[in-house]
1. Using the Karplus curve 6.51 cos²θ - 1.76 cosθ + 1.60 with θ = phi - 60°, what ³J(HN,Hα) values do you get for each residue of the range 21-27, in whole Hz, with x for Gly and Pro?
2. Please name whichever of 208, 234, 198 sits farthest to the positive end of the charge dipole of the range 177-280, dipole taken about the Cα centre and charges placed at Cβ: Lys and Arg +1, Asp and Glu -1.
3. Can you pull out the trypsin sites (Lys or Arg not before Pro) in the range 3-85 whose DSSP state is coil and whose Cβ has at most 11 other Cβ atoms within 10 Å?
4. Tell me which residues come under 5 Å, amide H to amide H, from residue 119 once H is placed; ignore anything under 5 positions away on its chain.
5. Given bins 10 angstrom wide, list per bin the percent of all Cα-Cα distances in the range 214-280, short to long.
6. Relative to the longest principal axis of the chain, what angle (0 to 90°, nearest 10) does the C-alpha long axis of helix 177-191 take?
7. Run through all the Cα pairs of the range 138-283 and give the fraction in each 10 Å bin from 0, expressed as whole percent.
8. Kindly put 200, 10 in sequence by how many other C-beta atoms sit within 10 Å of each C-beta, fewest to most.
Amino acid sequence: MRVAILRDLLAVLLALGATALAALWIPAVWVQHNIVDEQGFLAIVAPLADDARFQRTLTDPAVDQVLGDERVPPIVADTLTPIAKDQASQLTGTDMYASLWTSAMREFHDAVFTPGASDVQVDLMPAVERILSGAEDALPVRVSLPRPDNATVTLARIPDVPLLPRAAQLAPWASRLLPGALIAAALSLLLARRRTMMLLLLGIGAIAAGIAVQMLGARISDLVPDSVDQTVFVGPIVQVLEQRFSAGVTDQSVWLFGAGAVLTALGIAVIVIRRLRATREPA
């Protein structure tokens, strides 16, 4: 009798473990593919290169590098300001600007997964050179403008978020969560004495996992620290990631609801069939 009780208890624990693993599977895989993986991250943030706010984060520092050089001849200093700004506005949409944006986002990605606070730095020399070359052609006098020795600027400082480096370490396990959940569910069915009830429990567990995933997607912004979510340059990028995460995991949670509905329906069908057979059997 004690062995039977232990079997049922272990079966229930395995079913609960399967529910937990199923709930973790969808958000973990999304984070692995879209945040931890650099190419997935770059694909999400690529459209932000067309946002005027982000364009200025690259072009304004490049203009500052040009106008802040004390070696600029006084004869062209006043005339250079509007010309440099006009040249900077022409950078957006070019392959060079796209390359700078990708470089900045790679630095951002590396900084996010570096333990401790980290700076996002990017070399703006290609943009500075393009602005200076265009300005030299546009100036009313023929002059060679000085080039800075170093045009690397700090775009933002990423606060320390210990959860993200840990997520990167656990990322290889994300794809193993679903097989783990399936194995735990199969073992719970094998061990349970009342397999029909266990089938119902697994169905309810899958539905509960789907609800948990949807709640996580709806409340993800509440889980991100304000030190990250409200930071200049960093905040808008994080908010885009939050929106994509919410939409992605919410869509994928349909699989859990579907699996839960199928398992629950099978359990109910088995119960109904058994009762019908029992009523037809002669007393």
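1. 5, 5, 5, 7, 4, 5, x
2. 198
3. On the way: sites: 7, 53, 56, 71, 85; in loops: 71.
Here the sparse-neighbourhood loop sites are 71.
4. Amide H neighbours of residue 119: 158.
5. Once binned at 10 Å, the Cα pair distances of the range 214-280 give 19, 27, 18, 14, 11, 7, 3, 0.
6. 10
7. P(r) over the range 138-283, rounded to whole percents: 9, 22, 22, 16, 12, 8, 5, 3, 2, 1, 0, 0.
8. Numbers: 200 19, 10 14.
If I rank by nearby Cβ atoms, fewest first, I get 10, 200.
Read-outs: derived from the displayed coordinates by stated rules, not from any lab. All values derive from a computational prediction rather than experimental measurement. Cβ sites come from the backbone with ideal geometry, for glycine too, and all protein chains shown count toward neighbours.
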